[in-house]
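Report on the structure given below.
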Amino acid sequence: MAISTADFKNGKAILIDGKPNVIIEFQHVKPGKGGAFVRTKVRDIRTGRVNDLTFRSGEKFDEIRMEIKEMQFLYHDGDDYNFMDNESYEQIALSADVVGDAAKWLKENDTASVQYAGDELIGVEPPMFVELKVAQTEPGFKGDTVQGGTKPATLETGAVVQVPMFVNIDDLLKIDTRDGRYITRL
């Protein structure tokens, strides 16, 4: 199915010169002189390379069907991350390159969204919020309050986040995976 530049959306997959790409961001530009155009930032699905491209307004592209499957993260084995399809119980092993930054938010038995563009796997999206235990942090001192500063804490998955001074080892924290921000202590 062909789409024009007017139909661009972040996360939409399209074919550019026969190569599958995902739109990361785009901006319609209408200069005072000359025709309108669209500035885009796209990521090549196969290589992971990000390119800045400019297209004339109204230019047409073939759209790639996007599919998202909910899968359960089973375990990490060397360089592979093993997932199970919740519907068919089929297991797949994904390399660390494909999982990317999502790996630091995944613990065993968590559900993640595995994204496909056509038949090609393009990435793994962790849940928006995760609950993780603090594995290591400096101790807080008497008088530290919520209004005080922050300190780094290493979570059970290896991720490092900034937390308030009152957070201690073995505390369970709620973390926003979009930006790695501490939300609350549970």
For the stretch 66-125, average projected area of the Cα convex hull in nm²: 3.7 nm²
With the crude spin-label approximation of a point 7 Å out along Cα→Cβ, what separation in nm comes out for ASP79 versus GLU59? 3.6 nm
For the chain, what is the mean residue ellipticity at 222 nm derived from helices alone (per DSSP H run of n ≥ 4: -39500 (n - 2.57); sum divided by total residues; nearest 500 deg cm²/dmol)? -500 deg cm²/dmol
Once the cut-off is 20 Å, how many percent of the Cα-Cα pairs in the chain end up in the long-distance tail? 63 percent
Phi angles of the stretch 125-133, converted by Karplus (6.51 cos²θ - 1.76 cosθ + 1.60, θ = phi - 60°) into ³J(HN,Hα) in whole Hz with x for Gly and Pro, give 10, x, x, 4, 10, 10, 10, 10, 8
Among ILE122, LEU132, ILE183, which residue has its Cα furthest toward the positive end of the charge dipole of the chain, with +1 on Lys/Arg Cβ and -1 on Asp/Glu Cβ? ILE183
Spin-label pair ASN51/THR111, simplified geometry with 7 Å Cα→Cβ offset, distance in nm: 3.7 nm
³J(HN,Hα), Karplus 6.51/-1.76/1.60, whole Hz, each residue of the stretch 36-49, x for Gly, Pro: 6, 8, 10, 8, 10, 10, 10, 10, 5, 5, 6, 9, x, 6
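What FRET efficiency would be calculated for the residue pair ILE16, ILE92, taking the C-beta separation as r and a Förster radius of 30 Å, to the nearest 0.05? Show your work: numbers first, answer last.
Details: r = 27 Å, r/R0 = 0.92.
Once rounded, the FRET efficiency stands at 0.65.
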Under 21 Å Cα to Cα from LYS174, which lysines show up? Leave out anything in the same chain fewer than 8 places away. LYS104, LYS107, LYS133, LYS151
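Here, each number is a calculation from the coordinates, and none is a lab measurement. Predicted model only: the values in this text are computed from it and were never measured. Glycine also receives a Cβ, built like all others from the backbone with ideal geometry; neighbour counts cover every protein chain displayed.
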